[in-house]
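Just below is one structure, and these are the notes that go with it.
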Amino acid sequence: MADKNNSAIKSKQNQSTNDTKKHQQVLTMIALMTSKLLGENTYAKSSIYAERLARGGKEFLDRPIQQSMSLAAFKLSKEVQLGYLAAVNDLRSVSLDQVYYLSLWAMGSDNDQIINRGAGNSFSEYLAQSKDSRKFKRGYQTAVIQFIRAIAGENGVLAKLSAAFQALSFDDATQLANDWFNHLNSYMKGASPFRKITDGVKDPADQRIVQGLFDELNNGFLMVHPIGDDASPLLGNYVYTGDDFSDQHDLPAMMIQSLGDLSLSETVNLFVNGKFSEALDLLCSLGIYEFGYRGLSQDNADLVGMPATTSVDLETVIKATTANLPAILSDLNTPATFADLAASLSVIDLSNAGTARNAKKQNFQRNLSVVMDNDKKRLIDDRGQTALINYGPLETFHGLIDVTCLLPVLVRYTLIRNQLLAQIKSGDYAASRNVALPDFAGTLSLTDYAEQLARYQIDQLMAIVKRGKNDYDGLNQAGSISAFNHLMRVVPKMRTINPNYAGMSKQTKKLYYWLYQSSFASDIAPEDRVKL
């Protein structure tokens, strides 16, 4: 009996260890994606962040958030209380770009540039009236710390989102990717996300898209659909339960009469259920759709050379694709940040989509990609370029979407491609099967579309296999990659296979040469065979 109990305990311990390792691998992957998204200039900080995540950390910043002032200390100073309430008032209208600078302030960086970009109008107005600027700033920073902790802290909304996504199995993530894409394609129906809608009233198709996008802002996928085992949706119903000193002050009414009735809890809820939810839902949703439309385009001939492995084992394909995901997405020119994504999505500029709403507010392409100054003009950086919004800790969710929703799509494409290559290598697939072009507009499943695309693209290359066999039988096969490259450029029938062959990646060219050699590879010396 004791032996059975010990075995059961060891089994549970092993399962727990495996679950922990899997959890840490996912966290590490998200951290690596974040490193890619943040750019090379912050690589060192991102590496530290990645290491902390790998060890089980849950914060979404590259440094710890500062300790908040205690309530007892807060009640000792009216200057601190005034600064706190000024911050709560400013946070009611905080922009997405400000969150980044506020997060820096919450982590302890407090130079003038950071404060100027993060603080709002009440900061300047009440700082001028303050008798102790240091205490006023400390009070303001206290509210900022509590606000940022609600967003990016260990128990914040990003942690809630991240935990739900990380708990998904690969099959669950595949289902999520397909459901999410299907939700978008129900109104996009294969339309280009790069085309600006000039009038959403006259054209029924544009009218459908406009209505779908507005619905996405108000009740998007994450606001409506639960993720995994969650009983309710992740966004749109957030309730803050953390520290809130808003009603603990003893300031005279006349001192704060212009601030009104303030509550940090209501301010956090307003931001998370408003701008935060709207931006994440719209950009994550359109990001998945944009990837399918552009990254999985039938015209993207480099897709066949993209996979990181030739294995036909699912687990091996998942591991290899996961390990190489940042490089693969970079090769596919996937937008690296939310701001880059928003800047590319002309379809979300709805300023001309109707006459009943404010045109400037409807230009979501601009509002979600570039920083606007106090005069609502585009902010120009020190290089004379329009400043893109830095989404700061929110970018982590961009990486999470890539890992969760784009990975299964790439895995399906890779697995099918590799299965077809194995059939070609064995001689079971030697001539075109006249595979039909997949229908992106009508597909209900992004992974099924990826599979159909893999079958279609490989089938378009079967003429290379046939040419290789004929050349070998005629004793005039191309004996080197350079000779094959010349063949692809100068022979009319080969040139029609891919007119843009010269611009293809080295990996794609190697695959083409592998296809050319496939019928006679076993008959030539190993050193003469191309290796994928």
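The values are calculated or read from the model by the stated rules, or taken from the named source; none is laboratory data. Small disclaimer: the values here were computed from a predicted structure and weren't measured. Backbone-built Cβ (ideal geometry, glycine too); neighbour counts: all protein chains shown. Ligands, DNA and RNA are stripped out before the accessible areas are found, and what is left, the full protein with its side chains, is counted by its heavy atoms. Shrake-Rupley method; radii C 1.70, N 1.55, O 1.52, S 1.80 Å.
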Practice task
Calculate one ³J(HN,Hα) per residue across segment 176-192 by plugging θ = phi - 60° into the Karplus curve 6.51 cos²θ - 1.76 cosθ + 1.60, and present them in order as whole Hz with x for glycine and proline.
Solution key: 4, 4, 5, 5, 5, 4, 4, 4, 5, 6, 5, 10, 6, 6, x, 5, 5
Exercise for the section: Could you pull out every residue, at least 5 positions away or on a different chain, whose amide H is within less than 5 Å of the one on GLU154? Hs are placed 1.01 Å off N in the peptide plane, and Pro or chain starts have none. Expected result: none
Problem - For SER77, residues with placed amide H under 5 Å, excluding near neighbours - result: none
Problem - For VAL370, residues with placed amide H under 5 Å, excluding near neighbours - result: ILE389
Handout entry: Accessible area in square angstrom per residue, segment 293-370, 1.4 angstrom probe
Key = 42 Å²
Practice task
Pop out the ³J(HN,Hα) list for segment 254-259 in order, Karplus 6.51 cos²θ - 1.76 cosθ + 1.60 with θ = phi - 60°, rounded to Hz; leave Gly and Pro as x.
Solution key: 5, 5, 10, 4, 7, 8
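Ratio to report: Rg/Rh of segment 55-160, with Cα atoms as the point set and Rh obtained by the Kirkwood method; give two decimals. Write down the numbers at each step before the final one.
On the way: Rg = 13.4 Å, Rh = 13.8 Å.
Rg/Rh for segment 55-160 comes to 0.97.
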Exercise for the section: Provide the three semi-axes, in whole Å and in decreasing order, of the ellipsoid equivalent to segment 111-150 as defined by the square roots of 5 times the Cα gyration tensor eigenvalues. Expected result: 17, 12, 9
Handout entry: Angle in degrees between helix 314-323 and the longest Cα principal axis of the chain, rounded to the nearest 10
Key = 50 degrees
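Considering all projection directions equally, how large on average is the shadow of the alpha-carbon convex hull of the chain, in square nanometres?
33.0 nm²
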Handout entry: Cα principal axis extents for segment 111-211, largest first, Å
Key = 60, 43, 19
Problem - Spatial separation of Cα centroids for segment 294-358 and segment 498-532, in angstrom - result: 26 Å
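Taking all protein chains as present, what is the carbon and sulfur share of the accessible area of the chain, in % to the nearest whole number, probe 1.4 Å?
Carbon and sulfur together cover 49 percent of it.
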Problem - Helix-derived mean residue ellipticity, 222 nm - over the chain, DSSP H n ≥ 4, -39500 (n - 2.57), to 500 - result: -17000 deg cm²/dmol
Practice task
Apply the Karplus parameterisation 6.51 cos²θ - 1.76 cosθ + 1.60, with θ equal to phi minus 60°, to every residue of segment 339-347 and state each ³J(HN,Hα) to the nearest whole Hz, in sequence, with x for glycine and proline.
Solution key: 5, 4, 5, 4, 5, 8, 8, 5, 5
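So, counting K/R as plus one and D/E as minus one, what does the shell of residues with Cβ under 15 Å around ASN237 add up to?
Numbers: positive: LYS160; negative: ASP230, GLU266, GLU278, ASP281.
It works out to a net charge of -3.
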Fill in the blank from the handout: Projected onto their principal axes, the Cα atoms of segment 185-343 stretch, largest extent first, over whole-Å spans of 71, 47, 30
Exercise for the section: Whole Å is fine, so just give me how far the alpha carbon centre of segment 57-120 lies from that of segment 183-258. Expected result: 25 Å
Practice task
For HIS225, tell me the accessible area in Å² from a 1.4 Å probe, rounded to the nearest 10.
Solution key: 70 Å²
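Give me the net charge for the shell around SER445: Cβ to Cβ below 14 angstrom, other residues only, Lys and Arg +1, Asp and Glu -1. Show your work: numbers first, answer last.
Numbers: positive: ARG412; negative: ASP171, ASP179, ASP439, ASP448, GLU451.
Residues close to SER445 contribute a combined charge of -4.
What is the sum of charges, Lys and Arg at +1 and Asp and Glu at -1, for the other residues whose Cβ falls under 15 Å from the Cβ of ALA86?
Values: positive: LYS78, ARG92, LYS131, ARG134, LYS135, LYS137, ARG138; negative: GLU79, ASP90, GLU125, ASP132, ASP261.
Every neighbour counted, the sum reads +2.
What number comes out for accessible area per residue over segment 448-532 if the probe is 1.4 Å? Units Å², please.
Numbers: 4430 Å² over 85 residues.
With all protein chains present, segment 448-532 gives 52 Å² per residue.
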Handout entry: For segment 467-532, projected area of the alpha-carbon convex hull averaged over all directions, nm²
Key = 4.2 nm²
